[in-house]
Ligand SMILES: [Zn+2]
């Protein structure tokens, strides 16, 4: 009985901790507005997605193209074009990865960050805690 109680307690604690982490890293990723035209995938709200993440659309576009192994383009209305029919789920996953690697501070979990380039190295600089973390280059 006592054993059960502790097991339950551990489970609750584990749950609370997990919840805390998830809250700190809460991802409120924008919905991707996607259509297929011929053999192309068009993300109609691409610029808005980049704006919400506070990143240059071009950077996100290069990342998407690399992760999905697709040629990419952007028009003056901020729509992104990808070669091939990409499913929304894989695009969502790539954006989530971008968010994790290039937006969220790994130290405190805040998304209030910016990318700064110094001597050929790009850093994620956190406006909340001040941490400065080197990130992989996007090519
Ligand atoms: Zn931070």
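For this structure, a couple of remarks:
- Neighbour counting of Cβ atoms within 10 Å sorts the residues 28, 118, fewest neighbours leading, into 28, 118.
- Residue order, fewest to most surrounding Cβ atoms within 10 angstrom, among 47, 132: 132, 47
- If the chain linking residue 133 and residue 93 were pulled fully straight, counting 0.36 nm for each residue of separation and taking away their Cα-Cα distance, it would gain 12.1 nm.
Values in this text are rule-based calculations from the coordinates and carry no lab data. Predicted model, so just to flag it, every value in this text is computed and none were measured. Every residue, glycine as well, gets a Cβ built from its backbone with ideal geometry; the counts of neighbours run over all protein chains shown.
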